[in-house]
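Here's the structure, in structure tokens; my notes come after.
The values are calculated or read from the model by the stated rules, or taken from the named source; none is laboratory data. Remember, predicted model here, so these are calculated numbers, not experimental data. Virtual Cβ from ideal backbone geometry, glycine too; neighbours counted across all protein chains shown. Accessible surface is based on the protein model in full, side chains and every heavy atom, while ligands, DNA and RNA are left aside. Shrake-Rupley method; radii C 1.70, N 1.55, O 1.52, S 1.80 Å.
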Amino acid sequence: MSASDGPLNGASLIENGWFMEKNSQWPGLANSLEVKKVLLHKQTKFQDLLVFESNSFGNVLVLDGVVQISERDEMSYQEMMAHLPLFSCEQPKQVLVIGGGDGGVVREVVKHGCVEKVVWCEIDGDVVEASRTYLPKISVRADDPKVELLVGDGVAFAENAKDNSYDAIIVDSSDPVGPAEKLFSKEFYENAHRILRPGGVICSQGECLWMDEDLIMTMSKDYGACFASAEYASMQVPTYPTGQIGAFLGRKSGGAGAPSCRIPRRCVPADMQLRYYSAEMHAAAFALPAFLQKKLQSKASEPPTKRQKLEWSSS
């Protein structure tokens, strides 16, 4: 099935009791999870939404045929996406979260006692509601009094936000096709830079180092050009293609200390409930394989190949 044939039927990717993530974004590669039961399948205003109970990874959320989160390994992504930027700030008080409809990043953000308010902007309200029902341990802090949920376009919100509004911005987006495509643009990062306070940090889903070298290069060199530092950090997520994904981090100039986000600026509280993140994991995430390190240290970047509309395969 191709995108040109019409909206994806995510349930069609389940055959013989196995969900297979196999599409044109990662040619020649497929991930499979054994399905115990389909819990929800619907077409939202923006995308195909599927939730199923797996045999070994708990409940799994799938958008447009791509696994977004599983209960078993979600903590590696959620904790790193939240704590890498927030522990890179001295005392973050105002935080903007764009995307992350499952609520996991928000759950981690509110663990920081210094955070006073979290504005959470998610384009697809159906994802939020599905997560409340089928991923309750992940969306558990969605109704925290510090959190203001806005169902709407995060790009438009950033365009209209006031200058110097946020200490940290976290962009928990899906891949750069469909609803998330506008979040992968130089214009968006220039707006994010504008609305960050001096010394503030942005952290965005940074794609896979095995599959997206050119995009990572573009994010670091082009999108990151307005920041005092622009860095890529790696994390392990078994249910994602190749088992790896990254985070792009950029710091706005004007803060105290060195601009790099490689070292935490605050101690991790002993009573903070964490399963993946630590000060050691924070620093280690910036240690990259030689091939990517050399590319990021080169002077020029080539525009990444624009991702085509997804083509799905169930065979």
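Things to note:
- Site pair residue 143 and residue 274 shows an inter-label distance of 2.9 nm when each label is modelled 7 Å from Cα along Cα→Cβ.
- Too-long pairs where the Cα-Cα distance tops 20 Å, listed order kept, from 186/252; 93/186; 186/221: 93/186
- With R₀ fixed at 41 Å, the C-beta to C-beta distance from residue 34 to residue 293 puts the FRET efficiency at about 0.65.
- Shown are 133, 218, 242, whose ranking by accessible area with a 1.4 Å probe and every protein chain present, most to least, is 133, 242, 218.
- The calculated pair-distance distribution of the range 1-120 uses every alpha carbon pair, bins of 5 angstrom beginning at 0, and gives 2, 10, 18, 18, 16, 13, 10, 8, 4, 1, 0 percent.
- Values of log10 I(q)/I(0), in the order q = 0.12, 0.14 Å⁻¹, for the range 116-235 under a Debye, Cα-only, solvent-free model: -0.48, -0.66
- ³J(HN,Hα), Karplus 6.51/-1.76/1.60, whole Hz, each residue of the range 137-144, x for Gly, Pro: 6, 8, 8, 4, 9, 4, 9, 4
- Considering only alpha-carbon pairs that sit under 8 angstrom and 6 or more positions apart, the relative contact order computed for the range 1-142 is 16 percent.
- With a cut-off of 20 Å on the backbone N, the residues of the range 97-114 near the modelled label site 7 Å out from residue 153 along Cα-Cβ are 97-101.
- Isotropic mean projected area of the C-alpha convex hull, the chain (nm²): 15.0 nm²
- The range 8-43 and the range 129-167: distance between their alpha carbon centers, rounded to Å: 27 Å
- Entry comment: accessible area of the chain is 42 Å² per residue, from protein heavy atoms only and a probe of 1.4 Å.
- Length gained when the stretch residue 165-residue 267 is fully extended (0.36 nm per residue, less Cα-Cα span): 34.2 nm
- Distances between placed amide hydrogens fall under 5 Å for residue 40 paired with 51, all partners being 5 or more residues away or on another chain.
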